[in-house]
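These notes concern the structure reproduced below.
The values are calculated or read from the model by the stated rules, or taken from the named source; none is laboratory data. The structure displayed is predicted, hence computed values, not measured ones. Cβ: placed from backbone, ideal geometry, glycine included. Neighbour counts: every protein chain shown. Quick note on the areas: whole protein, heavy atoms, side chains included, nothing else; ligands and nucleic acids left out. Shrake-Rupley method; radii C 1.70, N 1.55, O 1.52, S 1.80 Å.
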Amino acid sequence: MTNNNDDHLDGIQDTDQWLEILMKDYGEKLIRVAYLYLKDWKLAEDVVQETFIKCFLKQKDFRGDSSVKTWIYSILTNACRDILRSTSYKKTIIVNKLYPYQDTYTESPEDAVIQNEDEYYLSECVLSLPIKYREVIILFYYNYK
């Protein structure tokens, strides 16, 4: 049984056009979800690119047992989990904690602090959760709203 939200993808025979629509519909959302898993924006962008490549290569294998959205999110979450298990990722986290990235650009220091303090604190709390709890929040608030 397929989800009706993906009806606009049905019947598209051109793989390039199908992928273009998929990237337009899900690109930004996938990057945000990957970032919440990996805590690294560039790594999140890379894993989303890999996800789209896998979708492109495996489009003909997609049976339609689930929606395209469910399929692409499962590819993304599996790729994120693979990265989190990798030793190179664990080494990167240690280096980033020793030399944290400092963002020096702010529009207005007073306004930025007032407007972003709660959002920053909340995002730090979510990102500090163990992956199994963080995953529940990611799936609930970012995938299905």
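The table that follows gives values for the structure above.
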{"quantity": "Potential lengthening between LYS132 and LEU84 on full extension [0.36 nm per residue; Cα-Cα distance subtracted]", "calculated": "16.1 nm"}
{"quantity": "For peptides 121-129, 34-42, sequence by mean Cβ density within 10 Å, most packed first", "calculated": "34-42, 121-129"}
{"quantity": "Pairwise label distance in nanometres, LEU139 with GLN17, each label 7 Å out on the Cα-Cβ vector", "calculated": "3.5 nm"}
{"quantity": "Accessible area per residue, Å², segment 20-72 with all protein chains present, probe 1.4 Å", "calculated": "60 Å²"}
{"quantity": "Computed lengthening from ILE53 to GLU119, 0.36 nm per intervening residue step minus Cα-Cα distance", "calculated": "20.5 nm"}
